[in-house]
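Asks: This structure is in structure tokens; I'll ask about it shortly.
The values are calculated or read from the model by the stated rules, or taken from the named source; none is laboratory data. If you're wondering where the values come from, they're calculated on a predicted model, not measured in any experiment. All Cβ positions, glycine included, derive from the backbone under ideal geometry; neighbour counts span all protein chains shown. Side chains are part of the model used for accessible areas, which takes the heavy atoms of the whole protein and leaves out ligands, DNA and RNA. Shrake-Rupley method; radii C 1.70, N 1.55, O 1.52, S 1.80 Å.
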Amino acid sequence: MAEHASLLHDGFLLLGFALVFVLLFRRLGLGATLGYLVAGAVVGPQVLGLVGGAEQKLVTAELGITLLLFLVGLELNPARLWRMKRDILGLGLLQVTACGLAVAAMVGLTTEFSWAAALALGLPLALSSTAQVLPMLQSSGRLRTPFGERAFAILLFQDLSIIPLITIIAAMSRNPADAGGPPGWLLALYTVGALVGLIAAGRFIIRPLFRLIGNLGEREMFVVAALFTVMASAAVMEVLGLSTALGAFVAGVMLADSPYRHELEADVEPFRSILLGLFFLAVGMMLNLQAIADRPLFVISMAIGLITIKAGIIFLIALAFRMPWRGALALGLLLSQGGEFGFVLFAQAQQALLIAPDAASLFGAVVTLSMATTPFLMMATSRFRREAEVVQGTRAGPQADGANAIIVGFGRFGQGVSQMLLASNIPVTMVDTDIEMIDIAASFGAKVYFGDGTRLDLLRQAGAGDAEMIFFCIDGDQISPEFVEAVHEAFPQAAIYVRAFDRRALIRLKATPANAVVREVLESAVRMARIALGDAGVSEEAINRAEDMFRANDRERLKLQIEAGDVRVARDRIITQPQAPRA
């Protein structure tokens, strides 16, 4: 009974302090993460001492990171993940290796730690905070942009690198008890086997399970099944001594193209938010303020060194991968902090007798302090990181002006759409990246804003949060199904209309939440054929009959192609010969 009362007491205080500090820090524009950290520090044993047991709460709250990775996995179907392989293996590998060795060198050269201890401290500091960075990307609408995907690729590789890092620490261990532990090659084998097993389970067990629940119509069972999926995948990985978050991520990827994806996201999201908040509260409670007070210059200088080294190296790597310098700078600053897995690896190093408990506490304070600086760094550098408006001259970026419709792409197609809407007295905001087109439109009295309309943050800036219609009139095959789904999720009140480059694009986009997908040349082709037939002396009735036949054939063929997902299906329905002798 006393334990139950203690649980209620702790929950009441933690939620109350979190509510106050998160609202305050949100109001100040500093973000929720810093609010949770400060709330944890204030309510914890270092300041007011109202709540204890931070280590136990941290273990429970780490499930929030697992749920976060599961939700991210739901956003990435296997095909999209395969397209990101260059960034995951290239950017991610370079970042972890270069940052880990550089930070280890800094620790080794500026302290009295042995080189083994410096490696055990420096390599974990190469990892960034997934729990902090991903929510920042989500709240700004940049998670599914090219910038967000590169940041996520690095974070994903960091999660994959936990196993090699644990192996390295175990290999350097001075603890005789670790001598009987599994070798690194066996851990790698466990990882591959576990991933293959999770993929098979997702295909042959989890998918049929959700199909059964969907057929039964049991709404609450989706919540149970979703949490079971996450916890089961995490538990399998934990038993093998592997990353629980990685297991949950793989489970999410396996369900990414499931028809129940949106249902799963809605069910898991509240648990993820609460547990992730609890995680940062626990980190704040564990912050050793006495260690900072005893050696403030050491902690502050180490945090500054960590941020500077990581931001600089990631900036240079991003430039080498041909990112614009502003985006490279943003990526470096966003990933410059230490991460939550640093605490796990410090504990491993302490168990391996490579570092003392005081050193683990001291560098835990360095990680927490570096995490607390990220919102300030992003705010302080926002004007320098803002993308150049144009390559030459100055053009205005988009702004919300109360328009009912947003048109992305002001070429020939977009101009026609805008004229029809304006003729119907519907206010329009127009966005394009073509400077020459913007200037030509201005000479005719039309206001076109400069910006990349395939970025969610820019759409939000243009007023998509209040718009009733969003038109993507971009030339070429640039709009992916994943992007359309992301726009729908971000702005559910807006109807989405997409210009499709060809039949293949139409087949890909047909299953998306777009209200309409229009082939860019279909109607003009039909119109030209009608004019030509009329000039050739074909009667109006025969022309109408030919058009009806073509459209019916086209509709039926398209339906079969969409069902099969293959443009080569129903080739027998293509009209290849005259249907009757010409009169």
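Asks: Quick one: which residues, 5 or more positions from residue 495 or on another chain, have an amide H under 5 Å from its amide H? H modelled 1.01 Å from N in the peptide plane, none for Pro or chain starts.
Replies: Result for residue 495 returns 469, 470.
Asks: Something else now. Could you do me a favour and compute the accessible area per residue for segment 299-388, 1.4 Å probe, result in Å²?
Replies: Heavy-atom SASA per residue in segment 299-388 reads 40 Å².
Asks: What number comes out for the charge environment of residue 298, summing +1 per Lys or Arg and -1 per Asp or Glu over other residues with Cβ under 13 Å away?
Replies: Spelling it out: positives minus negatives among the neighbours equals -2.
Asks: Where does each of 67-73, 17-23 land if you order them by average Cβ count within 10 Å, highest first? All intermediate terms of the calculation are to be shown ahead of the outcome.
Replies: Values: 67-73: 25.7, 17-23: 18.6.
Highest mean packing first, the order is 67-73, 17-23.
Asks: Please give the peptides 540-546, 358-364, 333-339 ranked by average Cβ packing (other Cβ atoms within 10 Å per residue), highest first, as a rough proxy for protection.
Replies: 333-339, 358-364, 540-546
Asks: Using a probe of 1.4 angstrom, how much of the accessible area of segment 82-173 is carbon and sulfur, in percent?
Replies: 71
Asks: Ignoring ligands, DNA and RNA, what percent of the accessible area of segment 398-485 is carbon or sulfur (1.4 Å)? The partial results should precede the final answer.
Replies: Numbers: 2070 of 4050 Å².
Taking all protein chains in place, segment 398-485 shows 51 percent carbon and sulfur surface.
Asks: When the dipole is taken about the Cα centre of segment 253-384, and only Lys, Arg (+1) and Asp, Glu (-1) are charged at their Cβ, what size is it in debye, to the nearest 20?
Replies: The calculation lands at about 600 debye.
Asks: What is the Cα centroid distance between segment 424-445 and segment 534-548, reported in whole angstrom?
Replies: Comparing the Cα centres of segment 424-445 and segment 534-548, I get a distance of 38 Å.
Asks: Let me ask you something else. Just to check I understand the Karplus step: with θ = phi - 60° and J = 6.51 cos²θ - 1.76 cosθ + 1.60, what whole-Hz values come out for segment 490-504, glycine and proline as x?
Replies: Listing the rounded values in order: 6, 10, x, 7, 9, 6, 10, 10, 10, 7, 9, 5, 7, 5, 4 Hz.
Asks: With every protein chain kept in place and ligands, DNA and RNA left out, what is the accessible area per residue of segment 468-535? Probe 1.4 Å, answer in Å².
Replies: That works out to 49 Å² for each residue.
Asks: For segment 116-131, what does the Karplus curve 6.51 cos²θ - 1.76 cosθ + 1.60, with θ = phi - 60°, yield as ³J(HN,Hα) per residue in whole Hz, taken in order and with x for Gly and Pro?
Replies: Here the 3J(HN,Hα) series is 5, 5, 4, 5, 5, 8, x, 4, x, 6, 6, 7, 9, 8, 4, 5 Hz.
Asks: For a quick protection proxy, order the peptides 115-125, 435-445 by their average other-Cβ count within 10 Å, most packed first.
Replies: For the peptides 115-125, 435-445, the packing ranking is 115-125, 435-445.
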